[in-house]
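Novice: This is the structure I have questions about; it appears just below.
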Amino acid sequence: EFGFFFQDNLKLTPRLTLNLGVRYESFGAPRPREGTRDFNFVFGSGTSVEERIAAGKLVEGALYESDRNNVAPRAGFAFDLLGDGKNVLRGGYGLFFDRVFNNIWLDARINSVTLRTLRNVPGLPSQFAYTFPAAAGVKPVAPLTPGGTVLVDRALRTPYSQNWFAGF
């Protein structure tokens, strides 16, 4: 993630000051790393939503592409109404970007569920052998079919808000 901005105040007259700026934000997109595997449901071909779902599949890799259109202008002004410095009209506007919440990619992790029980249940075979390191004691199990599937829009845009202010 990175961002940069340019901003300047321009005193056009003794009574009018403008504040102009622009900011750029790049939040990137999450990528699987260190052995993790992210799956996203991708629609298949078809003429209806039902056909596209039926032809869809889980695809491994990036859930969505980075949005590189995050240019955020800012503008403000201060105007001394009577020229005495006591009555000032101020205003401003800005566009503000925010990163995509982590629950987008955390929820997609349920697309490839694997069950590992780390406790011994009476009457069932032991699921865990006491070893060092402990991870070596977990017996491998087959992946389960997920109970639900998460779809992340591959053309996901960075969320933003617009803010304005006027005051006397």
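The values are calculated or read from the model by the stated rules, or taken from the named source; none is laboratory data. Keep in mind that this is a model prediction, so the values were computed, not measured. Positions of Cβ are backbone-derived with ideal geometry, glycine not excepted, and every protein chain shown enters the neighbour counts. Ligands, DNA and RNA are stripped out before the accessible areas are found, and what is left, the full protein with its side chains, is counted by its heavy atoms. Shrake-Rupley method; radii C 1.70, N 1.55, O 1.52, S 1.80 Å.
Novice: Please specify each residue of the range 4-22 satisfying the condition of being touching a residue at least 60 places away in the same chain (Cβ under 8 Å) and either touching a His at 6+ places or on another chain (Cβ under 7 Å) or not hydrophobic (A, V, I, L, M, F, W, C) (or both).
Specialist: Gln7, Pro14, Arg15, Thr17, Asn19, listed by residue number.
Novice: Got a sec? Which of Asp67, Asp80 is at pLDDT 85 or above, among the charged types (D, E, K, R) and within 16 Å of the chain's Cα centre (by Cα)?
Specialist: Just one listed residue meets the conditions, Asp67.
Novice: Taking the condition of being open to solvent by 70 Å² or more (accessible area, probe 1.4 Å) and in contact with a strand residue (DSSP E or B) (Cβ under 7 Å, 6 or more places away or on another chain), how many residues in the range 155-165 meet it?
Specialist: 5
Novice: While we're here: Between a first residue in the range 51-75 that is at positive phi and a second residue that is assigned to a strand (DSSP E or B) and at pLDDT below 85, which pairs have beta carbons less than 8 Å apart while being 6 or more apart in sequence or on different chains?
Specialist: Short answer, once both residue conditions are applied: Gly61/Asn40.
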